[in-house]
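Undergrad: Provided herewith is a single structure, encoded as structure tokens, for subsequent inquiry.
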Amino acid sequence: MKILYFGSDAFGIPSLEELKKKYHLIGVVTAPDKPSGRGMKFSSTPVKIWAKGNKIPVHQPENISDKGFIETLKALSPEFIVVISYGKILPETIINIPSCYSVNVHPSLLPKYRGAAPIEWALINGEKETGITVITIKNRVDTGDIIKQKRIPIEDTDDIFLLKKRLSEIAPSVLIEGLEDIKRGVKPHPQEGKPTYARKLKKEDGLIHWGKSATEINNLIRGVKEWPGAYTYLDGKYIKIYGAIPVPWEKNKVPGEILDIDKVCIYVACGEGILKVNEVQMEGKRKMTAGEFLRGYPLKPGKIFSEKR
């Protein structure tokens, strides 16, 4: 079975490995190399690096609607196009190229969390489960018929990195099962239920609102840890919080107030409960434990973490 793959980030690498083992992977389409870092040197996507290492042909169009590029894809005669974290919406001229289907692997339980940041918003919203959904690709993003879906629990210890890794590891089996179902004649079925949306994160989504509960704030920290990071202000300085534990607390205190400090944690009042902060990064400094931070930045109870500089 001839597979053409569209993708850019590392999330899809485990699926690529499995596609290469089981089918004829005829090529990958990925984003063009871009300048990055202080030296602005051109860097390749994880998918391109993997493909080069596995001697898979690589296509990097600047414009995926280019007629010459589309003719190149048609000449490959793929049976399936598989899309995982490509970053661009495919035009209908590409969607219709395969003899079977163009399919997308989406890290949510569709129709919940359609859009660009489903893993992040599932964590931020305190969901207890998520999963992988393999769908046919239609003109409207993430609205295709479901080929296969698998659920997994979201653990209290999960953050964006851990949950993304777990989902990327189960994606290959869900994808392969879905492709095999299609080969056996199983028909995809429409999505059922009310859709929800997971828009792309903005910088301001990371701002901590201390009037929320400790659990809600901890969910935010877990969900935005990769980007933009959960942040607040202390003495007018920008500070990110990377690690915390929510604990119950019945007494009323000012949200954002530092209630106590020990060698490993900063105890901060929330709208409900307390947040035990254990990993931070002050602007201009490296990420560090709360204990390391306190040795260089002595704090006393009564200070306030603020939502404004």
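Undergrad: Take the range 259-284 and flag every residue that is assigned to a loop (DSSP other than H, G, I, E, B) and of a type in the set (A, V, I, L, M).
TA: Matches in the range 259-284: VAL264 only.
Undergrad: Which residues, taken from the range 119-149, are of a type in the set (D, E, K, R), more than 11 Å from HIS106 (Cα to Cα) and modelled with pLDDT of 95 or more?
TA: If the condition is that a residue be of a type in the set (D, E, K, R), more than 11 Å from HIS106 (Cα to Cα) and modelled with pLDDT of 95 or more, then GLU120, GLU127, LYS128, GLU129, LYS138, ASP145 are the ones that fit.
Undergrad: Please verify whether the range 124-136 includes one or more residues that are surrounded by fewer than 23 Cβ atoms within 10 Å (Cβ to Cβ) and over 19 Å from the mean Cα position of the chain (by Cα).
TA: Yes, there is a match, as at least one residue in the range 124-136 is surrounded by fewer than 23 Cβ atoms within 10 Å (Cβ to Cβ) and over 19 Å from the mean Cα position of the chain (by Cα).
Undergrad: With the checklist (1) closer than 29 Å to LYS150 by Cα; (2) touching a residue at least 12 places away in the same chain (Cβ under 8 Å); (3) part of a loop (DSSP other than H, G, I, E, B) in hand, flag the one item GLY185 doesn't pass.
TA: (2)
Undergrad: Would you say ALA31 is surrounded by fewer than 22 Cβ atoms within 10 Å (Cβ to Cβ) and either assigned to a helix (DSSP H, G or I) or in the same structural domain as SER173 (by TED's automatic domain parsing) (or both)? Talk me through it step by step, then tell me what you get.
TA: Values: surrounded by fewer than 22 Cβ atoms within 10 Å (Cβ to Cβ): yes; either assigned to a helix (DSSP H, G or I) or in the same structural domain as SER173 (by TED's automatic domain parsing) (or both): yes.
When the stated conditions are applied, ALA31 passes them.
Undergrad: Sticking with this one: Scan the range 285-309 for residues that are assigned to a strand (DSSP E or B) and over 20 Å from ASP159 (Cα atoms) and jot them down.
TA: Listed by number, the residues that qualify are ILE304, SER306.
Undergrad: Right, something else. Within the range 186-232, can you find the residues that are β-branched (Val, Ile, Thr) and surrounded by 18 or more Cβ atoms within 10 Å (Cβ to Cβ)?
TA: To start, the set of residues in the range 186-232 that are β-branched (Val, Ile, Thr) comprises 186, 196, 208, 215, 217, 221, 224, 232.
Within the range 186-232, ILE208, ILE217, ILE221, VAL224, THR232 qualify.
Undergrad: Out of PRO91, PRO107, PRO111, report the one residue that is assigned by TED's automatic domain parsing to the domain that holds SER65 and crowded, with 22+ Cβ neighbours inside 10 Å.
TA: PRO107
Undergrad: If you check GLN149, GLN191, which single one turns out to be assigned to a strand (DSSP E or B), touching a Ser or Thr at 6+ places or on another chain (Cβ under 8 Å) and not hydrophobic (A, V, I, L, M, F, W, C)?
TA: Answer to the selection: GLN149.
Undergrad: Next up: Does GLU79 satisfy the condition of being crowded, with 16+ Cβ neighbours inside 10 Å, at pLDDT 95 or above and in the same structural domain as LYS164 (by TED's automatic domain parsing)?
TA: Values: crowded, with 16+ Cβ neighbours inside 10 Å: yes; at pLDDT 95 or above: yes; in the same structural domain as LYS164 (by TED's automatic domain parsing): yes.
In short, yes.
Undergrad: Is it fair to say GLY12 is outside any loop (DSSP other than H, G, I, E, B), assigned by TED's automatic domain parsing to the domain that holds ILE147 and either without any contact (Cβ under 8 Å) to a residue 24 or more places away in the chain or charged (D, E, K, R) (or both)?
TA: no
Undergrad: Related question: Would you pick out the residues in the range 274-294 that are within 10 Å of TRP249 (Cβ to Cβ) and out of contact with any Asp or Glu (no Cβ under 9 Å at 6 or more places or on another chain)?
TA: LEU275
Undergrad: Looking at the range 152-168, which of its residues are part of a helix (DSSP H, G or I) and surrounded by 13 or more Cβ atoms within 10 Å (Cβ to Cβ)?
TA: Passing the criteria: ILE160, LEU162, LEU163, LYS164, LYS165, ARG166, LEU167, SER168.
Undergrad: Given the condition out of contact with any strand residue (DSSP E or B) (no Cβ under 7 Å at 6 or more places or on another chain), at pLDDT 95 or above and surrounded by 13 or more Cβ atoms within 10 Å (Cβ to Cβ), answer yes or no: does some residue in the range 247-258 qualify?
TA: no
Undergrad: Tell me which residues, restricted to the range 68-126, are in a helix (DSSP H, G or I) and closer than 20 Å to ILE170 by Cβ.
TA: PRO118, ILE119, GLU120, TRP121, ALA122, LEU123
Undergrad: Here's another thing I want to ask about it. When the residues of the range 194-251 are narrowed to those that are aromatic (Phe, Trp, Tyr) and not in a strand (DSSP E or B), which ends up nearest to ILE135 (Cα to Cα)? Reasoning before the result, please.
TA: Keep residues of the range 194-251 that are aromatic (Phe, Trp, Tyr), which gives 197, 210, 227, 231, 233, 238, 242, 249.
Checking the rest, the ones that are also not in a strand (DSSP E or B) come to 210, 227, 249.
Details: TRP210: 39, TRP227: 27, TRP249: 44 Å.
Restricting to residues being aromatic (Phe, Trp, Tyr) and not in a strand (DSSP E or B), the top hit is TRP227.
The values are calculated or read from the model by the stated rules, or taken from the named source; none is laboratory data. Remember, predicted model here, so these are calculated numbers, not experimental data. Glycine also receives a Cβ, built like all others from the backbone with ideal geometry; neighbour counts cover every protein chain displayed.
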